[in-house]
């Protein structure tokens with residue numbers, strides 16, 4: 001006699017199966033969110049740096065990602081409909097490509113008298129947007145990225161609550177990594193450019209999924225390309241203030 005045939009044991013077996021799925025799939029979903037959100041984190045960090053004060057940067061991340069979490073949970077709940085709604089995917093692709101091109105054009109590095117690139121000063125025109133403008137941009141950016149990560153998460157599990165739990169943990173991790181990237185963007189000269197190029201890759205991938213599905217690169221190829229961009233982004237630092245003083 002199999003255990004499943006005993007009525008009194010069936011709820012326990014089903015509960016064990018659910019806990020087993022939770023223990024196996026939740027870490028996988030969180031890892032998937034973390035990997036797919038690396039380029040998202042650097043974009044959010046660069047957007048937050050458009051505010052002058054660190055206090056406002058943190059406040060914008062908290063508010064923007066709080067709003068993004070609401071959008072992401074709604075996206076997961078409506079995934080079956082949303083992921084097949086091509087106008088939304090087209091808008092997300094266009095937004096990510098616009099974000100990439102406009103910020104690459106606006107973030108041309110300044111140089112000192114010796115030709116060394118300088119980190120962008122917080123008071124520059126690129127850093128004077130209002131708090132709520134930045135909050136809205138953060139939420140929209142995460143929503144556009146979420147189309148890709150939610151599609152991957154739903155493919156891993158059809159358990160709605162499990163995917164939502166992974167999304168919540170992913171947003172919390174995104175908040176922490178964005179704060180790290182805010183500091184790193186002031187240290188590594190190519191990191192912001194690498195981040196926005198990665199944003200453009202995600203936008204191109206969404207566009208290909210709509211127009212030429214056969215040409216959509218596999219997930220590992222996108223991750224490899226993003227990894228190479230990030231390796232380049234961390235490859236060179238801005239000269240320190242002490243070094244500039246020693247080499248006027």
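Values for this structure:
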{"quantity": "Top-ranked residue of region 223-248 - restricted to ones that are in a helix (DSSP H, G or I) and exposed (fewer than 12 other Cβ atoms within 10 Å of the Cβ), ranked as modelled with the lowest pLDDT", "calculated": "246"}
{"quantity": "So residue 220, is it modelled with pLDDT of 85 or more and assigned to a helix (DSSP H, G or I)", "calculated": "no"}
{"quantity": "Condition met for residue 215 (exposed (fewer than 15 other Cβ atoms within 10 Å of the Cβ), more than 23 Å from residue 178 (Cα to Cα) and in contact with a helix residue (DSSP H, G or I) (Cβ under 6 Å, 6 or more places away or on another chain))", "calculated": "yes"}
{"quantity": "All positions within region 185-214 that are without any contact (Cβ under 8 Å) to a residue 24 or more places away in the chain and assigned to a helix (DSSP H, G or I)", "calculated": "208, 211, 213, 214"}
{"quantity": "Criterion violated by residue 37 - all others in (1) at pLDDT below 85; (2) over 15 Å from residue 201 (Cα atoms) satisfied", "calculated": "(2)"}
{"quantity": "Odd one out for residue 189, checked against (1) out of contact with any strand residue (DSSP E or B) (no Cβ under 8 Å at 6 or more places or on another chain); (2) at pLDDT 85 or above", "calculated": "(1)"}
{"quantity": "Considering residues of region 68-92 that are out of contact with any helix residue (DSSP H, G or I) (no Cβ under 8 Å at 6 or more places or on another chain) and not in a helix (DSSP H, G or I) only, the residue nearest to residue 139 (Cα to Cα)", "calculated": "78"}
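Per-residue answers, yes or no, for (1) modelled with pLDDT of 60 or more; (2) over 30 Å from residue 131 (Cβ atoms):
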site	(1), (2)
5	no, yes
22	no, yes
42	yes, no
54	yes, no
63	yes, no
79	yes, yes
82	yes, no
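The values are calculated or read from the model by the stated rules, or taken from the named source; none is laboratory data. All values derive from a computational prediction rather than experimental measurement. Neighbour counts are summed over all protein chains in view; Cβ atoms, including those assigned to glycine, are modelled from backbone coordinates with ideal geometry.
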